[in-house]
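Worksheet: one structure, shown below.
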Amino acid sequence: MNFNQGGGFGAPQQQQQQAYGGGYQYGQQLPVQQMGMQQPNHGGPQGQGQLSGRKRALLCGCNYAGSSAALNGCLTDVSCLKYLLQKRFNFQDADIRVLTDDNPNPLFRPTRQSIVYWIGWLVNDQRPGDDLWFSFSGHGSQSPDPTGEETDGMSETILPCDFKTAGQIHDAELNRLLINPLITGVRLHAVVDACHSGSSLNLPFRCKMKGGAPTWKSEYLEGRIRTHKGTAGGLAIQIAAASDKETAADTSALSGGTATGAATYSFIQAVEKHGPNLTYGLLLAEMDNVLRNVGGGASMGSASDMVNQLGLGKMLGKFKGAKSVLGMVDSGLSAAGLRGGQTPQLSANYAFDVNAPLQM
């Protein structure tokens, strides 16, 4: 399979060589004061100016059908998010790439190689004013952090559909490929609906709601950062399904019958409910209100033993996607008696005023 063909977008390797504005190289040892990490900004997200109107999106969904840890809702997540991007944020079909593990074309299956390739497409040929989107729905896991940079000592990962042979994709790699290259004036929104996804992009700042008030904190211990975790001047915002210590639900309880990722459902519901009045703080509060009561569904990949079990189960059946995201949202939160819970996470390359409107 030749990944340098496919839409004429160029090889990601070429883009990676040009990704690090300011001369940063992955793995370079730098004093903290020389790293150029974006600092807290208590205004709204900055540096976008007038939007160019160019939009580009990469959506990945893994159901791992036929495995003992198969999921049911991740392909639905992709279908509904694509609908949302097109109908609510004016993304064009030609500018959206969808990777699902039911696709017979290996270029459009969420293998490790395909995800890395299409991330290269996503961040290639950037121009100020571009709006980018990345989403992943599937299993997430953790492994010991060899760098000493993580405050909890663990590195977060996402699991492509071929992770058993090709390996997982670690947070440091996603940060290097997806976050570091973003130039000034470019904005990225990323939704990661997976277990342990809170810092799966290794963004430096995380926002938590305490008593209804947003509080930003640095994700890295002072003096322990060895690599640049920010952008090349652009804005990166991640909405994650759960904290690094939590699992995320794959459930049919919220939609009234169709399996979805609970976080994806709550994200779509907040956008549909508030429209242009939705702020980042309100998004976080709305998602938290739904997810703290969610439980009873399949876990979207939590423990390390799941990594050894995937691929051993029997087929759960064909995916049946929802016809419309609005149908899902209109179903409402009809299920009662749900137990468990997960905490949505908002992260960015700098702290900003979460009362700013969500824009793409």
message: Checking a compactness column here: for the range 175-278, what do you get for Rg(Cα) / (2.2 N^0.38 Å), N being the number of residues?
response: 1.21
field: Sequence of 260, 343, 111 from largest to smallest accessible area, 1.4 Å probe
entry: 343, 111, 260
query: How many percent of Cα pairs in the range 131-233 exceed 18 Å?
result: 52 percent
query: Once amide H atoms are built 1.01 Å from N in the peptide plane, which residues 5 or more positions from residue 97, or in another chain, come under 5 Å H to H?
result: 57, 58, 59
task: Take the range 54-135, drop everything but the C-alpha atoms, weight them equally and run the Debye formula without solvent; then report log10 I(q)/I(0) at 0.16, 0.17, 0.27 Å⁻¹ to two decimals.
output: -0.61, -0.68, -1.35
field: P(r), alpha carbons of the range 213-263 - 10 Å bins starting at zero, rounded %
entry: 16, 32, 30, 16, 6
- request: Any chance you could tell me what percent of the C-alpha pair distances in the range 233-288 go past 13 Å?
  value: 64 percent
query: What is the Cα radius of gyration of the range 154-203 over 2.2 N^0.38 Å, N being its residue count?
result: 1.21
query: Given the C-alpha centroids of the range 100-122 and the range 200-220, what is the distance between them in whole angstrom?
result: 30 Å
Estimated inter-spin distance, residue 125 and residue 95, nm [label 7 Å along Cα→Cβ]: 1.2 nm
query: Out of residues 5 or more away from residue 260 or on other chains, whose amide H comes under 5 Å of its own, with H placed 1.01 Å from N in the peptide plane?
result: 251, 252
query: Percent of alpha carbon pairs in the range 87-139 separated by more than 15 Å?
result: 54 percent
- prompt: For residue 88 and residue 184, what is the calculated FRET efficiency with R₀ set at 30 Å and r taken between the beta-carbons, to the nearest 0.05?
  reply: 0.70
- request: Return the loop-located trypsin sites (Lys or Arg not before Pro) in the range 172-262 (DSSP other than H, G, I, E, B) with at most 14 other Cβ atoms within 10 Å of their own Cβ; answer none if there are none.
  value: 224, 245
field: Solvent-accessible surface (1.4 angstrom probe) belonging to residue 64, in square angstrom, nearest 10
entry: 10 Å²
- prompt: Can you give me the Cα centroid spacing of the range 151-175 and the range 73-95 in angstrom?
  reply: 25 Å
- request: Please label the shape of the range 59-197 as rounded, prolate or oblate, based on the square roots a ≥ b ≥ c of the eigenvalues of the alpha-carbon gyration tensor (a/c under 1.5 means rounded; beyond that, a/b larger than b/c means prolate, else oblate).
  value: oblate
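The values are calculated or read from the model by the stated rules, or taken from the named source; none is laboratory data. Only a predicted model underlies this, so the values are computations on that prediction, with no experimental measurement involved. As a convention, Cβ positions derive from the backbone with ideal geometry for all residues, glycine included, and neighbour counts pool all protein chains shown. Side chains are part of the model used for accessible areas, which takes the heavy atoms of the whole protein and leaves out ligands, DNA and RNA. Shrake-Rupley method; radii C 1.70, N 1.55, O 1.52, S 1.80 Å.
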